[in-house]
């Protein structure tokens, strides 16, 4: 039987906003949608809904009262239940060299996590893995930053990140921790086969125990005088490098 860690249990409904986030949620069979608010123009652009849903038309000012101040709702707000998170075993499955896993160590900013989800989906990642206690919950802001990919890319939340990395190693993943002080570059650290890219929070970087559960630490070769990249930018660069720069398997 499929095992899932429920994020919906005990959680209040949340509101997604913006065209991409709302349309992606409406087309996701795993998402339970409760109520759709929209301007007449935005609702007409969506067209007929595939599932029965309470729809409430309103003016832009009415919708603005449903979301955080100055949030760009684009005429659409959707009330939903949080998604159930897949279990790690589901997400890593049979390792695929073309589909890296992205692991975040205490990255707590929802805008960064949303942007990383978007990059991970764009470069064909298999899943995002974070720790339960040190990652943001689903929010409208995170979903908007993810631009619809929150509905497509599996987001696994684990209790212990080090144990999760051990499970990945047991499945054959080569675990690369991104560290600005590492000797090897990411290009040098990439190997044939499936990889897990492990990134830490800005400032603190990877925690020692998480770094110790990586097979290698590597850096992005940025220009002198630039201390570091934003974690979402670093994730995008690392995912691109993994997609084009990995040595091919011999055979």
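Quick notes
- Residue 120 part of a helix (DSSP H, G or I), touching a residue at least 24 places away in the same chain (Cβ under 8 Å), buried (at least 24 other Cβ atoms within 10 Å of the Cβ) and touching a helix residue (DSSP H, G or I) at 6+ places or on another chain (Cβ under 8 Å): yes
For every residue, the table says whether it meets (1) at pLDDT 95 or above; (2) in a loop (DSSP other than H, G, I, E, B).
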| residue | (1), (2) |
| --- | --- |
| 90 | no, no |
| 94 | no, yes |
| 102 | yes, no |
| 113 | yes, no |
| 129 | yes, no |
| 141 | no, no |
| 156 | yes, no |
| 162 | yes, no |
| 177 | yes, no |
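- One residue from 145, 127, 167 being over 16 Å from residue 237 (Cα atoms) and free of Cβ contacts under 8 Å to residues at least 40 places away in the same chain: 145
- Residues in the stretch 170-183 that are touching a residue at least 40 places away in the same chain (Cβ under 8 Å) and over 15 Å from residue 125 (Cβ atoms): 5 in all.
- Considering residues of the stretch 210-246 that are in a loop (DSSP other than H, G, I, E, B) and touching a residue at least 60 places away in the same chain (Cβ under 8 Å) only, the residue surrounded by the fewest Cβ atoms within 10 Å (Cβ to Cβ): 230
The values are calculated or read from the model by the stated rules, or taken from the named source; none is laboratory data. Remember, predicted model here, so these are calculated numbers, not experimental data. Neighbour counts run over all protein chains shown; Cβ positions are idealised from the backbone, glycine included.
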